[in-house]
Structures are given as structure tokens and as C-alpha cells.
Amino acid sequence: MKVYYHDNTAEDQRLDHDSGVEVPPEAVAKLGVLAYNFSSATALDNVNSLAKARGYKNQDVITISPASMGDVYEEKVKMFYKEHLHEDEEIRYVVEGEGFFDVRDVEDRWVRLKLDAGDLIILPAGIYHRFSTTSSDYIKAMRLFKDEPKWTPLPRPCDDNQYRVEYLQSITAN
Ligand code: KMT
Ligand code: NI
């Protein structure tokens, strides 16, 4: 996983947009974002025990690519890239391929996490974020959820949302 500030240029969202300024793991942790890498032979066991420890009971696997999605691919990619939050954690494990998760830091800058196969990320409820495929146009990812998927993206701005307020309190208490 590579983590850096987005360069904030507006070209193709699938490009790296690497500003050249890295974001250290401690700064990522301060945002309440958890990052792991499970890529040994026991990777799936590790993912499953983490899921179990956090009370996650269900999972599915999504493949995002032109081959798997056809004509709706471009539309989906744009949709995932709209800034939003969720009222629950978002856990993603990259099985194959790669993808970008962008999260806002305390100064509202985009921090870009480039995930490769074996990387797992947990975004806390209430954090503003977005997702994009890379220029390889391929990711196969496992999505973990507790019971029913609570994935409704709430588009920014929703600053008065209870989960947003609680998220901000949790990170400023750090
Ligand atoms: C999301 O929440 O944006 C997604 O689930 C993207 C697909 S998972 C890599
Ligand atoms: Ni999301």
C-alpha cells in the first residue's frame, strides 16, 4: 500500500495523481483508518479472523472491470468517485488488481491510499471518502459486512449526520 497526498489535478481519476508527498502510517492511523496486508498463504484465514473479531458475518466479492461490467463500467467508476460517507465501517480486501481509496484528512486534503492485492482497509463510519479503479481498470475485492449491507453512500455535504459528528469527535480526541 502506498499513501500520499493527491495532487488535486482534475485529469483522469484513474491516473496516480501522486503529489510526491507521502503520508506516514501514523498520520493515516490518526484519521481512524486501519490498513493491513495479508498476502501470505494464510491470507484468507487472516481476513476471516479479523472479520470475526469485528463482528462481521457476511462477505461478497465484487469485480470492477470493463470485462465484468460491460457498458455500465464507466458509469460505476464515476459513481464510486463521488465524495460520500457511510454510517458503518467500510472494509475492503483486495483479492486481485488494484484501486485507490481517497480519504479526507483533518485539513480536508485528499489522502490517496493505493491498494494492491493483499491489502485490506477499514474506513471508519463518518469519514468522507471516494474510490477509483486505476489505469489498469481491474480490481477484485472482498466486501465484508455485519448483517445487511449498510452501504448507502451519503453524499457530501452531510456534516450534521450523527456518524459524521461522532467521527470528528473521535479523531480530534486523539
Ligand atoms: C465503495 O464503497 O466505493 C466500493 O465499494 C467500491 C468498490 S470495492 C473496491
Ligand atoms: Ni464508500
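A few comments on the model shown:
- Here's how it looks for residue 59: its modeled amide H is under 5 Å from those of 145, which are all 5 or more places away or on a different chain.
- Remark: spin-label model distance residue 88-residue 147 equals 0.9 nm, labels positioned 7 Å along the Cα→Cβ axis.
- Charge dipole of the chain about the Cα centre (unit charges at C-beta), most positive-ward option of 77, 163, 103: 163
- Approximate shape of the chain as ellipsoid semi-axes (Cα gyration tensor, √5λ), whole Å, largest first: 22, 21, 17
- Remark: the residue 19-residue 154 segment gains 45.8 nm on full extension, using 0.36 nm per residue and subtracting the alpha carbon distance.
- Using a simple spin-label model with pseudo-atoms 7 Å out from Cα toward Cβ, residue 57 and residue 136 lie 3.5 nm apart.
- Our estimate of slack between residue 35 and residue 161, defined as 0.36 nm per intervening residue step minus the Cα-Cα distance, is 42.8 nm.
- Ratio of the Cα radius of gyration of segment 70-162 to 2.2 N^0.38 Å, where N counts its residues: 1.07
- Equivalent ellipsoid of segment 1-64: semi-axes from √(5λ) of the C-alpha gyration tensor, largest first, are 29, 16, 12 Å.
- Whole-Hz Karplus values for segment 121-135 come out as 10, 10, 9, x, 4, x, 7, 6, 7, 7, 10, 9, 5, 9, 5 Hz, taken residue by residue from phi with 6.51 cos²θ - 1.76 cosθ + 1.60 and θ = phi - 60°; glycine and proline positions read x.
Any read-out appearing in this document is the output of simple, stated calculations on the displayed coordinates, not a laboratory observation. Just so we're clear, the structure is a prediction, and the values are computed from it rather than from any experiment. In this analysis, Cβ positions are derived from the backbone assuming ideal geometry, glycine residues included, and neighbour counts consider all displayed protein chains.
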